[in-house]
Amino acid sequence: QVQLVESGGGLVQAGGSLRLSCAASGTSFSINPMAWYRQAPGKQRELVARCTAGGGTNYLDSVKGRFTISRDNAKNTLDLQMNSLKSEDTAVYYCNLKRLWDGTDYWGQGTQVTVSS
């Protein structure tokens, strides 16, 4: 059974930084694309950053230059370093794994990030 457990959310002032981490188990981590999504109140869930198995990355335009996604295939972890946070980054952040062989999406429980202005 695939399990994703996020950590690292919290309350931070605008301009501050947070680092989110996702620990994965139950599947071959290194071959699967991983991503971070977020969902703000009253809004749809949106893709924040994606990291392919080979390490390629892409980002939501509004976080480019501020957020960095990275993965450690030896530790089965996915991180999101968030700098220069803005109030509009406030949301619940979710770790996502898309299982390569059948396309099934797996989600963590979510971690709250609140940025105060």
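The values are calculated or read from the model by the stated rules, or taken from the named source; none is laboratory data. This one's a predicted model, so the numbers in the text were calculated from it and none came from an experiment. In this analysis, Cβ positions are derived from the backbone assuming ideal geometry, glycine residues included, and neighbour counts consider all displayed protein chains. To get the accessible areas, we keep the full protein, side chains included, count just its heavy atoms, and leave off ligands, DNA and RNA. Shrake-Rupley method; radii C 1.70, N 1.55, O 1.52, S 1.80 Å.
Working carefully through the options 16, 9, find the one that is within 14 Å of the chain's Cα centre (by Cα) and either under 20 Å from residue 117 (Cβ atoms) or of a type outside the set (Gly, Ala, Ser) (or both). Show your work before the answer.
Details: 16 fails: within 14 Å of the chain's Cα centre (by Cα).
That would be 9, the only listed residue that is within 14 Å of the chain's Cα centre (by Cα) and either under 20 Å from residue 117 (Cβ atoms) or of a type outside the set (Gly, Ala, Ser) (or both).
Filtered by the rule that a residue be in contact with a Cys (Cβ under 6 Å, 6 or more places away or on another chain) and within 17 Å of residue 94 (Cβ to Cβ), region 55-82 gives 69, 71, 78.
Taking the criterion of being open to solvent by 40 Å² or more (accessible area, probe 1.4 Å) and in contact with a strand residue (DSSP E or B) (Cβ under 7 Å, 6 or more places away or on another chain), the residues of region 106-117 that qualify are 106, 107, 109, 112, 114, 116. In region 77-100, the residue that is least open to solvent (accessible area, probe 1.4 Å) out of those that are at pLDDT 95 or above and in a loop (DSSP other than H, G, I, E, B) is 85. The set of residues in region 11-26 that are in contact with a strand residue (DSSP E or B) (Cβ under 7 Å, 6 or more places away or on another chain) and farther than 20 Å from residue 107 by Cβ comprises 11, 12, 13, 14, 17. Listed by position, the strands (runs of 3 or more DSSP E) enclosed by region 1-76 that each have at least 2 residues that are in contact (Cβ under 8 Å) with a residue 24 or more places away in the chain and surrounded by fewer than 19 Cβ atoms within 10 Å (Cβ to Cβ) are 3-7, 10-13, 18-25. For residue 103, the requirement of being at pLDDT 95 or above and open to solvent by less than 60 Å² (accessible area, probe 1.4 Å) is not met.
Residues in region 50-71 that are among the hydroxyl-bearing types (Ser, Thr, Tyr) and at pLDDT 95 or above were compared, and the one that is farthest from the chain's Cα centre (by Cα) is 62. Of the residues screened, residue 7 is not one that is more than 16 Å from residue 109 (Cβ to Cβ) and hydroxyl-bearing (Ser, Thr, Tyr).
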